[in-house]
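Contents: one structure, followed by commentary.
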Amino acid sequence: MASQLAILSRSLLRHKSHSIRTITSFPFLSQEPQLADPISPPSSTTTTTTATTSLPPNPASGSPLYNENWRNPIPATSLSPSSIIPAGFFNNPSFRDPNSFSDATYDSQTLINLFADWTASQRWEDVKNLFEAWVKSLDRNGKPNKPDVDLYNNYLRASLMIGGSAADLLDLVAQMDEFGIKPNTASFNLVLKAMHQANETLAAEKLLERMLQTGNESLPDDESYDLIIGMHFLTDQIDAAFKYIDLTLKSGYMLSMKVFMDCVRSCINKGRHDTLVTIIERCKTTDQNKALCPSWNMCQFITEEALRKDNSKLAFYGLEFMARWMVKRERQRPPVMLSVDEGLVVSALVTAGRTYNSELLGAAWAVLDRSLRKKKAPNPESYLAKIYAHASLGNLQKAFGTLHEYESAYGDSSEEAEDLFSPFTSLHPLVVACSKKGFETLDTVYFQLENLSRAEHPYKSVAALNCIIVGCANVGDLDRAYQTFESIGSAFGLTPDIHSYNGLMHAFGKLKKTHEATRVFEHLASLNVKPNAKSYSLLVDAHLINRDAKSALAVIDDMIAAGFEPTKETLRKVRRRCIREMDYESDDRVQSLTKSLNIRIGGEARRDILFNLDYSMDYA
């Protein structure tokens, strides 16, 4: 035994002396395999589970892991054999947040929650980079990560927010087929937002057509239509925008306030008032859009433009929007009292009478009544505009009812109020309405006034009877005019005013009864009724009808002596009569009178040409 050990030791020494030694600076690397530690048998108290590592996925399965082949080699640096996250990705300072993840092996729901937090802090670059790394990684089971459509939409949103173009987003949408998912409406809306930023209207229209043809999951919603409509308004393609607005309303979606305001602004600026009326009417028919209302300033702008163009329907909707704002602000706490300018209401009432729109008339007066809040009476112009509107519509009953309110508010006997109830100026529309059908309408109005004077709450009005007198004079019915004048005192128990006498003088003057008109003037002067400027003007007209220019000039002298100044129209009538009667002396007096009053009446050359036309057949 000892000899065998000696032989073995000598052989080992001999092998050691003949070994080759090399000089190197690298540490010795052992080439022997390292055996795993033996597994201890499970004890009765503790249990351990053995984790098995699965094989890599099959290259034919279409895993994104194999998208980078020998043409596009995978970077040499990687975090782990099952992760292809770029080197230094998690060393980024943005990932050193203690609340952020540092492991690439988590499910899609966890990733969605993480993206939600990063979206709130606008960490779009981190969202994009992590998603791209995640889809190239394997899950815990060794299978490639496959995102769903919601997770992929976060990736699309991040690409949009970092400045991705519409073409880039379309490429990303096309890559969704590689993961076996289909884009939904939210996916296409992100692409539409990119197109909206670049004003690519044609591409947006094609994309919307694709959404309509794809299926239920990608049908356009209200956001889709808002984007494409706003895009067309920005590029002044109003007709195309109207087409998609109509499609939006037909689809049952709601227009956003921004799109509605853009529509209103574009229609007003381009003069498309009827189109705007149609859109408003369409919106009012749907429950989703009937509450749309422009801003207060825009409502005023709409109403002013509509009144300027005599568009009664658009003016009505503008006042309706303003009424909504007034009710809404009054219900606030603390309440805010909005008021409409009374001049705007007067314009609306006049437009209602000119366009024969009863809805605009009612809306304008309701808005005025709510604006005043019963703290003061409307101005006389408002009452007169309402009377004109009712008279134009042929509603004489409401017209005289408004006249009664007007008299209750301003029916004092002051001299300043005389012109407020003149049938020749302020109440002239009511006179025209009373004489529209001749004596038939005049008799109807008279008998109604007579019945109202005998009612439980009697209504007696000299102004209303004066309108009948002037109406009879307009139709040339002197007998009815005189009988109505006499009935003021006999049947109604009232006293005729200066307008009553002027109406009777007008009736005599139109029938060339200058002597009777003069007697009426003398009669009112004997009753200490002070004549006004209209009294002298009517007496001048009565003399001019009988071709008596000298008497007309005498009345004008009396008029100036009484403190009144003849109008330009009156002096022009007198001068015209002087020229036609070849009364050059009177014409000189008119010329001197106009110079003293600083009134320029102009020439009569154009009228003289027509007056001196020779209608004989000498040149035939």
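The values are calculated or read from the model by the stated rules, or taken from the named source; none is laboratory data. Source: prediction; values computed, not measured. Cβ placement follows ideal geometry from the backbone for every residue including glycine, while neighbour counts extend to all protein chains displayed. Please note that ligands, DNA and RNA were not included when accessible areas were found on the heavy atoms of the full protein model with its side chains. Shrake-Rupley method; radii C 1.70, N 1.55, O 1.52, S 1.80 Å.
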- Query: L202 fails exactly one of the following numbered conditions: (1) touching a Leu at 6+ places or on another chain (Cβ under 7 Å); (2) loosely packed, with under 14 Cβ neighbours inside 10 Å; (3) of a type in the set (A, V, I, L, M, F, W, C). What is the number of that condition?
  - Reply: (1)
- Query: How many residues, within the range 475-498, are in a helix (DSSP H, G or I) and within 19 Å of A525 (Cα to Cα)?
  - Reply: 6
- Task: Please verify whether the range 514-523 includes one or more residues that are under 20 Å from V431 (Cβ atoms), among the hydroxyl-bearing types (S, T, Y) and either at pLDDT 95 or above or open to solvent by 10 Å² or more (accessible area, probe 1.4 Å) (or both).
- Result: no
- Item | Options S312, S339: the member that is surrounded by fewer than 19 Cβ atoms within 10 Å (Cβ to Cβ) and touching a Ser or Thr at 6+ places or on another chain (Cβ under 9 Å) | S339
- Message: Residue pairs, Cβ under 7 Å, 6 or more apart or interchain, first in the range 130-152 and open to solvent by 60 Å² or more (accessible area, probe 1.4 Å), second modelled with pLDDT of 85 or more and not in a loop (DSSP other than H, G, I, E, B). List them.
- Response: K146/F179; D150/I112
- Residue, farthest from Y410 (Cα to Cα), within the range 346-360, restricted to residues that are open to solvent by 10 Å² or more (accessible area, probe 1.4 Å) and among the hydrophobic types (A, V, I, L, M, F, W, C): V350
- Query: Got at least one residue in the range 557-577 being touching a residue at least 60 places away in the same chain (Cβ under 8 Å) and either closer than 22 Å to F424 by Cβ or of a type in the set (D, E) (or both)?
  - Reply: no
- Query: Going through the range 317-333 one residue at a time, which ones are open to solvent by 50 Å² or more (accessible area, probe 1.4 Å) and either over 16 Å from the mean Cα position of the chain (by Cα) or closer than 17 Å to T275 by Cα (or both)?
  - Reply: K328, R329, R331, Q332, R333
- State which residue is least open to solvent (accessible area, probe 1.4 Å) when the search covers only the range 417-474 and only residues that are assigned to a helix (DSSP H, G or I) and of a type in the set (S, T, N, Q). N466
- Query: Are any of the residues in the range 146-167 more than 17 Å from F115 (Cβ to Cβ), of a type in the set (S, T, Y) and part of a helix (DSSP H, G or I)?
  - Reply: no
- Of (1) surrounded by 13 or more Cβ atoms within 10 Å (Cβ to Cβ); (2) among the aliphatic types (A, V, I, L, M); (3) not in a loop (DSSP other than H, G, I, E, B), A377 satisfies all except one. Which? (3)
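Conditions tested, residue by residue: (1) without any contact (Cβ under 8 Å) to a residue 40 or more places away in the chain; (2) aromatic (F, W, Y); (3) in contact with a Ser or Thr (Cβ under 8 Å, 6 or more places away or on another chain).
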residue	(1), (2), (3)
L396	no, no, yes
E405	yes, no, no
Y410	yes, yes, no
L452	yes, no, no
C467	no, no, no
- Message: I need the full set of residues from the range 528-556 which are of a type in the set (S, T, Y) and over 19 Å from T425 (Cβ atoms), in order please.
- Response: S551
- Looking at (1) modelled with pLDDT under 90; (2) crowded, with 16+ Cβ neighbours inside 10 Å, which is the only condition F101 fails? (2)
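Give me the helices (runs of 4 or more DSSP H) completely within the range 514-604, filtered to those with at least 3 residues that are more than 56 Å from the chain's Cα centre (by Cα), ordered by residue number.
Hits in the range 514-604: 514-526, 549-561, 568-580, 584-596.
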- Message: Yes or no: the range 251-261 includes at least one residue that is modelled with pLDDT of 90 or more, over 19 Å from the mean Cα position of the chain (by Cα) and open to solvent by 30 Å² or more (accessible area, probe 1.4 Å).
- Response: no
- Query: Any idea how many residues of the range 273-308 are over 21 Å from L338 (Cα atoms) and open to solvent by 80 Å² or more (accessible area, probe 1.4 Å)?
  - Reply: 6
